[in-house]
Amino acid sequence: YQTKSHCKYLIALHLILVVKYRKRLLVDKIGMFVKSIIEQLAESSDFDVEEIEVDQDHIHILMRIGTKYSVGQHVRRIKQFTTTSLWRAFPNLKREFWKEKTFWSDGYFVCSVGNASAETIRRYIQEQG
């Protein structure tokens, strides 16, 4: 559990982000790059990444968040930071997304891991990819 001055909490989430149009771009360098960018972002943000794994067209993240920001704010920050970093590092993405500088689909999947143990979710995420 994490503790702040007036509360004790554990907010663990399973987050899935999908590449726009389900393009299979999270392979090789791009997949490793996205993982490292999210881990770097976690170091300077109000969330911790417990487990992260990429599949060809989506990414699974087991994360713990604080009480200061909402889930949507965390997701928005992750998507914005990874998209700008990807476009900076891989300018050839314009061949895949020629209309706009995008990478992720508009939505996302998130669920709390309250009904399942974090270890069960961790094993599930490790088996992806």
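Residues that are buried (at least 17 other Cβ atoms within 10 Å of the Cβ), touching a strand residue (DSSP E or B) at 6+ places or on another chain (Cβ under 8 Å) and either free of Cβ contacts under 8 Å to residues at least 40 places away in the same chain or among the polar types (S, T, N, Q) (or both): does the stretch 93-108 have at least one? No: the stretch 93-108 contains no residue that is buried (at least 17 other Cβ atoms within 10 Å of the Cβ), touching a strand residue (DSSP E or B) at 6+ places or on another chain (Cβ under 8 Å) and either free of Cβ contacts under 8 Å to residues at least 40 places away in the same chain or among the polar types (S, T, N, Q) (or both). Taking the criterion of being more than 22 Å from Cys111 (Cα to Cα) and buried (at least 18 other Cβ atoms within 10 Å of the Cβ), the only residue of the stretch 1-25 that qualifies is Leu25.
Please verify whether Lys79 is farther than 26 Å from Ser5 by Cβ, in contact (Cβ under 8 Å) with a residue 40 or more places away in the chain, open to solvent by 10 Å² or more (accessible area, probe 1.4 Å) and part of a helix (DSSP H, G or I), treating the condition exactly as stated. It is true that Lys79 is farther than 26 Å from Ser5 by Cβ, in contact (Cβ under 8 Å) with a residue 40 or more places away in the chain, open to solvent by 10 Å² or more (accessible area, probe 1.4 Å) and part of a helix (DSSP H, G or I).
Within the stretch 64-76, restricting attention to residues that are not in a helix (DSSP H, G or I) and not hydrophobic (A, V, I, L, M, F, W, C), the residue that is least open to solvent (accessible area, probe 1.4 Å) is Gly66.
Output yes when any residue across the stretch 44-63 is surrounded by 15 or more Cβ atoms within 10 Å (Cβ to Cβ), touching a residue at least 24 places away in the same chain (Cβ under 8 Å) and farther than 21 Å from Tyr124 by Cα, and no when none is.
Yes, the stretch 44-63 contains at least one residue that is surrounded by 15 or more Cβ atoms within 10 Å (Cβ to Cβ), touching a residue at least 24 places away in the same chain (Cβ under 8 Å) and farther than 21 Å from Tyr124 by Cα.
For every residue, the table says whether it meets (1) aromatic (Phe, Trp, Tyr); (2) assigned to a strand (DSSP E or B); (3) at pLDDT 95 or above; (4) over 10 Å from the mean Cα position of the chain (by Cα).
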{"site": "Thr3", "(1), (2), (3), (4)": "no, yes, no, yes"}
{"site": "Leu13", "(1), (2), (3), (4)": "no, yes, no, yes"}
{"site": "Ile16", "(1), (2), (3), (4)": "no, yes, yes, no"}
{"site": "Leu25", "(1), (2), (3), (4)": "no, no, yes, yes"}
{"site": "Phe33", "(1), (2), (3), (4)": "yes, no, yes, yes"}
{"site": "Val49", "(1), (2), (3), (4)": "no, yes, yes, no"}
{"site": "Trp87", "(1), (2), (3), (4)": "yes, no, yes, yes"}
{"site": "Phe97", "(1), (2), (3), (4)": "yes, no, no, yes"}
{"site": "Lys101", "(1), (2), (3), (4)": "no, no, no, yes"}
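The values are calculated or read from the model by the stated rules, or taken from the named source; none is laboratory data. Since this is a predicted model, take the numbers as computed values, not measurements. When we count neighbours, we look across all protein chains shown, and the Cβ atoms used for this are built from the backbone with ideal geometry, even at glycine. Accessible surface areas use protein heavy atoms only, side chains included; no ligands, DNA or RNA. Shrake-Rupley method; radii C 1.70, N 1.55, O 1.52, S 1.80 Å.
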